[in-house]
Amino acid sequence: MKKLMTIAIILTSLTAYSEYNDYYTKVDIVTQDEQGTLSEYQVYHYGFDRPNSSFSLQKWIELFAYNRESDSVAIFFYNLVVYSPKMISSGYSFGDHYALSDTVRIQINQIITVNLIESYQGSTLDGIFSTLSPDDAEWMTSAVIDTAFFTVPFNMCGREDCIDILYPTFYLLIHEHSERTEEVIATLRSMAALHAKRENQLKNLYEYKSKSSPEYIEFINAYYPMVEAFLRMLDTEKVVILYDSGW
């Protein structure tokens, strides 16, 4: 099971944390079950507090509990993908980005030791939208040959009776062109043009009240999921999609 970084996850975290940092932390964990059997894991934890090698066991458990699936289970990941893209034409760097994959669940009350191995700092305001795995590492190290981007209105309210718009941007970093990649990009550009046309129609109809009209809210709520669905079609292509939350 792969970790998917979506805007919804970001917005949830922003309501709880005043600083927009997140941490990808590799730890060595030893557990002991009811029969006394010891197990060791070297796994990654995703969280919002800066880790420290001097943490007590209780402090580690409090950190892990943020991502618990229940009161007794915490979610970890076996693999971390580090993506550091550069443009082939200019050598421009897009910075370092991180994605986790291959979920493992560990019972919190069975953890007896935790040791910090390494940690990477990211941001809850941007990151990787694509679903990536270690198998993608070889082509991901090649240069980016082309780019495309789409800014899409996202209704944080998410209901039919209210509107609170954020404007996240999806950046497509293309490592290899394909027929599917071109078709998806062309479709998204057509959708963007139709969106602009419909938005203007609603503005002319409702004037300054257009963004609170039921038609506009329904229109916005439908548009963003359609864009996400088309972007997911690129998960099998040599394209990495980065996001900027627009926050």
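Across region 235-247, computed HN-Hα scalar couplings (Karplus, 6.51 cos²θ - 1.76 cosθ + 1.60, θ = phi - 60°) run 4, 9, 9, 8, 9, 10, 9, 9, 10, 10, 5, x, 6 Hz from first to last residue, x flagging Gly and Pro. Distance distribution note for region 60-147: the fraction of Cα pairs above 19 angstrom is 53%. Database remark: amide H of residue 22 closer than 5 angstrom to the amide H of 122, 123, 124 (H placed geometrically; neighbours at sequence offset of 5 or more, or on other chains; Pro and chain starts carry no H). Computed from point charges on the beta carbon alone (+1 for Lys and Arg, -1 for Asp and Glu), the dipole magnitude for the chain about its Cα centre is near 540 Debye.
With the simple model of a label 7 Å out from the Cα in the direction of the Cβ, residue 160 to residue 232 spans 2.2 nm. Which label belongs to the value computed from this structure, given these candidates for Cα Rg over 2.2 N^0.38 Å: (1) 1.09; (2) 1.17; (3) 1.38? The value computed from this structure is option (2). Among 65, 193, 143, the largest mean-square fluctuation in a Gaussian network model of the chain, built with springs joining Cα atoms closer than 10 Å, belongs to 193. Counting charges near residue 169 (Lys, Arg +1; Asp, Glu -1) among other residues having Cβ under 11 Å from its Cβ returns a value of -2. In a simple Cβ point-charge model (Lys, Arg +1; Asp, Glu -1; nothing else charged), region 158-246 has a dipole of about 260 debye relative to its Cα centre.
Of 40, 118, 138, the residue with the greatest mean-square motion in the GNM of the chain, using alpha carbon springs below 10 Å, is 138. Net charge in the neighbourhood of residue 222 (other residues with Cβ under 12 Å of its Cβ; Lys, Arg +1, Asp, Glu -1) is -3. What net charge is computed for the residues neighbouring residue 62, neighbours being all others with C-beta under 15 Å from the C-beta of residue 62, Lys and Arg scored +1, Asp and Glu -1? Charge balance in the 15 Å sphere: +1.
Readers should treat all values here as calculations from the given coordinates under stated rules, not as data from a laboratory. The model shown is predicted, which means the values in this text are computed figures rather than measured ones. Every residue, glycine among them, receives a Cβ derived from its backbone with ideal geometry; neighbour counts consider all protein chains shown.
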